[in-house]
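S.K.: Quick one: the structure is below, and I'll ask about it shortly.
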Amino acid sequence: TINLADTLPDVKIKDLYLFEAVRRNALIIANNQTKELEFITLDSIAAKWPIAKDWTDKVDYTRKPKSEYRLGDFAQNNNVLWKDGTDDDPAYRSDNDLGNYVLTINDGALPLDKDMYTAPFAASARASSFTNNVHVFIPRYSSSSVAYDDPDVDPVVRAMPLTSSTDDVVQIDTASSVTDQMQGFPVTWEEIADANWTAFEAMLDRTKLKTFYVNLSATDIQELDVTIPVRIGEGYYMIREVSQWAANRVGITKVKLIRL
């Protein structure tokens, strides 16, 4: 008997949530009543432009809007990395940048390079084995002579959702087979970016941040939903920050919006 818990590394829940937010390019929205967290992707927010709240007539143009062309702390080349793997993994040993990605921003005034994010998980390569089935390869033994119940390779923590499938039966020996397949996250951050970062990468190549002064009522504030865009003129924006709203007097509110 092998106690599975003893073989698993420690991972902080906060780091797991952050990884999921980065992977899906999502805001984390907390519900204090239900004690639930919800991941709202930027792509899904951008897709809600047909139901955007129209703030066009609420903008006070006596105070000139401000435009900023840089959003946050980025460089021209932003490295999105997996945690360093193990040299016992032949895929990692042959390519120490396995699965990594560079998010580029066409802005010569930015610093040249920056490590934007490093996942708490190592990249998982795929390999063909048993009856030529392609599956995720995570080494645990340095050689076939190592005892089954005493693996000698630390595989480094990996992220892997389990998908039950009978499409490929992996033959272990003449008497046993396995039908549940472990399908890992895409091997590369590039695949993750292609699937989830469309709106995010588009925002980084255009006017980034706009500051408006807007006459928002108590009802506007009560109904404020950062997952729904707002429209000002012909532009659609995601709400980044609302400040200076006065609850006890009439006045304008400072809002920072990210152009979609």
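The values are calculated or read from the model by the stated rules, or taken from the named source; none is laboratory data. Keep in mind the model is a prediction, meaning the values are calculated, not measured. Cβ sites come from the backbone with ideal geometry, for glycine too, and all protein chains shown count toward neighbours. To get the accessible areas, we keep the full protein, side chains included, count just its heavy atoms, and leave off ligands, DNA and RNA. Shrake-Rupley method; radii C 1.70, N 1.55, O 1.52, S 1.80 Å.
S.K.: Is there a residue being over 20 Å from LEU98 (Cα atoms), at pLDDT below 85, out of contact with any Gly (no Cβ under 8 Å at 6 or more places or on another chain) and not in a loop (DSSP other than H, G, I, E, B) anywhere in region 130-148?
M.R.: Scanning region 130-148, I find at least one residue that is over 20 Å from LEU98 (Cα atoms), at pLDDT below 85, out of contact with any Gly (no Cβ under 8 Å at 6 or more places or on another chain) and not in a loop (DSSP other than H, G, I, E, B), so the answer is yes.
S.K.: Let me ask something additional. Could you list, ordered by first residue, the pairs with Cβ atoms under 9 Å in which the first is in region 188-200 and under 17 Å from VAL136 (Cβ atoms) and the second is in a helix (DSSP H, G or I) and open to solvent by 40 Å² or more (accessible area, probe 1.4 Å), at least 6 apart or interchain?
M.R.: TRP189/ARG23; ILE192/ARG23; ILE192/ARG24
S.K.: Only one of LEU37, LEU42 is in contact (Cβ under 8 Å) with a residue 40 or more places away in the chain and touching a strand residue (DSSP E or B) at 6+ places or on another chain (Cβ under 9 Å); which?
M.R.: Among LEU37, LEU42, only LEU42 is in contact (Cβ under 8 Å) with a residue 40 or more places away in the chain and touching a strand residue (DSSP E or B) at 6+ places or on another chain (Cβ under 9 Å).
S.K.: Something else: So which residues in region 77-110 are open to solvent by 70 Å² or more (accessible area, probe 1.4 Å) and under 23 Å from the mean Cα position of the chain (by Cα)?
M.R.: Within region 77-110, LYS83, ASP84, ASN96, ASP97, THR104, ASN106 qualify.
S.K.: Every residue in region 82-116 that is part of a strand (DSSP E or B) and in contact (Cβ under 8 Å) with a residue 40 or more places away in the chain, please.
M.R.: TRP82, LYS83, TYR101, LEU103, LYS114, MET116
S.K.: Also, quick follow-up: Give me the residue from region 6-34 that is surrounded by 13 or more Cβ atoms within 10 Å (Cβ to Cβ) and basic (Lys, Arg) and, out of that set, nearest to MET160 (Cα to Cα).
M.R.: ARG23
S.K.: Yes or no: region 136-144 includes at least one residue that is buried (at least 17 other Cβ atoms within 10 Å of the Cβ) and over 17 Å from LEU204 (Cβ atoms).
M.R.: yes
S.K.: Scan region 64-73 and give yes if some residue there is under 29 Å from ASP205 (Cβ atoms), among the aliphatic types (A, V, I, L, M) and at pLDDT 85 or above, otherwise no.
M.R.: There is no residue in region 64-73 that is under 29 Å from ASP205 (Cβ atoms), among the aliphatic types (A, V, I, L, M) and at pLDDT 85 or above.
S.K.: Taking the criterion of being under 25 Å from LYS83 (Cα atoms), aliphatic (A, V, I, L, M) and exposed (fewer than 12 other Cβ atoms within 10 Å of the Cβ), would at least one residue in region 35-54 satisfy it?
M.R.: No, the conditions are met nowhere in region 35-54.
S.K.: Going through PHE121, PHE74, PHE39 one at a time, which residue ends up being within 23 Å of the chain's Cα centre (by Cα) and farther than 27 Å from MET160 by Cβ?
M.R.: None of the other options fit; the residue is PHE74.
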